[in-house]
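The values are calculated or read from the model by the stated rules, or taken from the named source; none is laboratory data. Predicted, not measured: the structure shown is a model, and the values here were computed from it. A quick note on method: Cβ atoms are made from the backbone with ideal geometry, for glycine too, and the neighbour counts reach across all protein chains shown. We work out accessible area using only protein heavy atoms, side chains counted, and drop any ligands, DNA or RNA first. Shrake-Rupley method; radii C 1.70, N 1.55, O 1.52, S 1.80 Å.
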Amino acid sequence: VLMGGMEIYLDNVSANQHSYQWIVPNNIASNQALVRLSSALDPTISSVSPTFIISSITVTLPNGGEIIQAGAPTNITWNSQYINNVSIDYSIDNGNNWVNVVENIPAITGTYSWNTPNNISSSTALIRIKDHNTNSIFDVSDNTFTISRIVVTAPVSGSQLQTNRTTTIRWEAGNIGNVLIEYSIDNGTSWNTIANNIN
């Protein structure tokens, strides 16, 4: 609108939009958070936002460097505030692809017993825990961890071996390195070494 040669904005909201990229500190959480903006020249000129929530979620285990066994249960743990339910995913390729572990479990428990799949191995595994309701609030293991896999494939169930005869022991392995081979004759109560440091 032109008034007396002066241009006056009746609605100058769009002409005066500003923004600032705020990295929310990782050591705070609140359900009564506010943002206040004040004039640097006159602090009495200010505006306060409506109340909002700052949620936090942190993966604590596995968080990097651990070695866990495929096919065995392992605990996934986390800390969270102002989050009701979480979903958990894992990656075996450093976060390029994700596979769901569990959906929509109470966040307050802070722990989940994961039956690690017995057909995977990786030295670049990660865990991701998400706020189930938003999916935009999440945390990922700080560093990769290892999922090791070893499975005896021979002798098989029901095999009958003869003393003083050679038999072949076979196995599948991933991220194991060399192995120790032992035998038991009392259903695993005690073990005897067959060979050590075998590739």
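See the values below:
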{"item": "Selection count where residues are surrounded by fewer than 10 Cβ atoms within 10 Å (Cβ to Cβ) and either within 30 Å of residue 121 (Cα to Cα) or among the β-branched types (Val, Ile, Thr) (or both), scope the range 33-68", "result": "1"}
{"item": "Residue under evaluation residue 129, criteria (1) among the hydrophobic types (A, V, I, L, M, F, W, C); (2) within 13 Å of the chain's Cα centre (by Cα); (3) assigned to a loop (DSSP other than H, G, I, E, B), criterion not met", "result": "(3)"}
{"item": "Subset of the range 39-70 [over 18 Å from the mean Cα position of the chain (by Cα) and in a loop (DSSP other than H, G, I, E, B)]", "result": "39, 40, 41, 42, 43, 44, 45, 49, 50, 51"}
{"item": "Cβ-Cβ under 9 Å pairs, at least 6 apart or on other chains, the range 152-164 side within 20 Å of residue 70 (Cβ to Cβ) and among the aliphatic types (A, V, I, L, M), far side open to solvent by less than 80 Å² (accessible area, probe 1.4 Å) and assigned to a loop (DSSP other than H, G, I, E, B)", "result": "152/169; 154/167; 154/168; 154/169"}
{"item": "Test set (1) within 16 Å of residue 56 (Cα to Cα); (2) among the acidic types (Asp, Glu); (3) surrounded by fewer than 19 Cβ atoms within 10 Å (Cβ to Cβ) - residue 139 fails condition number", "result": "(3)"}
{"item": "Residue that is farthest from the chain's Cα centre (by Cα), among those in the range 145-177 that are under 25 Å from residue 91 (Cα atoms) and assigned to a loop (DSSP other than H, G, I, E, B)", "result": "177"}
{"item": "Test: residue 189 is among the hydroxyl-bearing types (Ser, Thr, Tyr) and touching a Lys or Arg at 6+ places or on another chain (Cβ under 6 Å)", "result": "no"}
{"item": "Conditions (1) modelled with pLDDT of 95 or more; (2) open to solvent by less than 60 Å² (accessible area, probe 1.4 Å); number of the one not met by residue 30", "result": "(1)"}
{"item": "Pairs, first free of Cβ contacts under 8 Å to residues at least 12 places away in the same chain and closer than 19 Å to residue 19 by Cα in the range 30-55, second open to solvent by 100 Å² or more (accessible area, probe 1.4 Å) and in a loop (DSSP other than H, G, I, E, B), C-beta under 7 Å, six or more apart", "result": "38/45; 39/45"}
{"item": "Filter result (within 18 Å of residue 148 (Cβ to Cβ) and open to solvent by less than 20 Å² (accessible area, probe 1.4 Å)) within the range 69-119", "result": "70, 76, 91, 114, 116"}
{"item": "Among the residues listed as 122, 87, 39, 47, the single one being farther than 30 Å from residue 177 by Cβ and modelled with pLDDT of 95 or more", "result": "87"}
